[in-house]
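All remarks here apply to the structure that follows.
The values are calculated or read from the model by the stated rules, or taken from the named source; none is laboratory data. Keep in mind that what you see is a predicted model, and the values were worked out from it rather than measured. Cβ sites come from the backbone with ideal geometry, for glycine too, and all protein chains shown count toward neighbours.
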Amino acid sequence: MPIHFNDLDVVSKVAGCSSALIVPCQMCPAVTVAVREGKPFLRLFRSFLKSAPFEQYIRELQSQLKEKGIATEVFKSNLPLHWFMCMWTAGRRKKLQQMIKQHEAIIVLGCESATETVRGLVKSTDCKIIEGMEVGGIMNAQLKLSQPGNVSFENCKVVPISPPREETRDGKSC
């Protein structure tokens, strides 16, 4: 199941920058937003392969940043094979690297692995990397398909991610 996220305060972290590139993972954060809002994750016949609640979430973030004088652009990933940021191809990463050069800050909407994907591309620039979400656990849910082509999640529970097990002095786990 997807990772569940909690929002972080992005606006204050971008203060002082004039431009930001929003780089969203299209799966786990999108599911989190759809579940939180009680809306379908996908509506296949209305907005094919786009999560309307997540698209709205991103537009609202852009609006908040615009109010602070920060220009934004979104790195789009419309193909399903690009939805999981942690598994992007070299070509996809190269395209992102080119866009990074045009911005002062990068806002990552995804997990630590997504942030690591971006961090690996920012090494040659002075871009500030900002995590827009933090992992809150793993979502345990039931997939629901309904007419006309809606994909939703129901009976959702957030399962905490267990901390690493402590080891005793003899190296055995407790």
Report yes if some residue within region 61-82 is within 16 Å of the chain's Cα centre (by Cα), among the charged types (D, E, K, R) and modelled with pLDDT of 95 or more; otherwise report no.
-> yes
Are there any pairs, at least 6 apart or on different chains, whose C-beta atoms fall under 7 Å, with the first in region 152-173 and polar (S, T, N, Q) and surrounded by 10 or more Cβ atoms within 10 Å (Cβ to Cβ) and the second at pLDDT below 55 and not in a loop (DSSP other than H, G, I, E, B), and if so, which?
-> none
For region 105-118, state whether one or more residues are touching a residue at least 24 places away in the same chain (Cβ under 8 Å), in contact with a Phe, Trp or Tyr (Cβ under 8 Å, 6 or more places away or on another chain) and surrounded by fewer than 19 Cβ atoms within 10 Å (Cβ to Cβ).
-> no
Where Cys127 falls short, out of the listed (1) surrounded by fewer than 20 Cβ atoms within 10 Å (Cβ to Cβ); (2) farther than 18 Å from Leu61 by Cα; (3) in contact with an Asp or Glu (Cβ under 9 Å, 6 or more places away or on another chain) | (1)
Select, from Arg36, Arg43, the only residue that is touching a residue at least 60 places away in the same chain (Cβ under 8 Å) and either over 14 Å from Val108 (Cα atoms) or surrounded by 15 or more Cβ atoms within 10 Å (Cβ to Cβ) (or both).
-> Arg43
Right, Pro148: modelled with pLDDT of 90 or more, touching a strand residue (DSSP E or B) at 6+ places or on another chain (Cβ under 9 Å) and over 17 Å from Gly38 (Cβ atoms) or not?
-> no
Considering only region 101-152, give the strands (runs of 3 or more DSSP E) lying wholly within it that have at least 1 residues that are at positive phi.
-> 133-146
Scanning region 58-95 for residues that are assigned to a helix (DSSP H, G or I) and among the hydrophobic types (A, V, I, L, M, F, W, C), the one surrounded by the fewest Cβ atoms within 10 Å (Cβ to Cβ) turns out to be Ala90
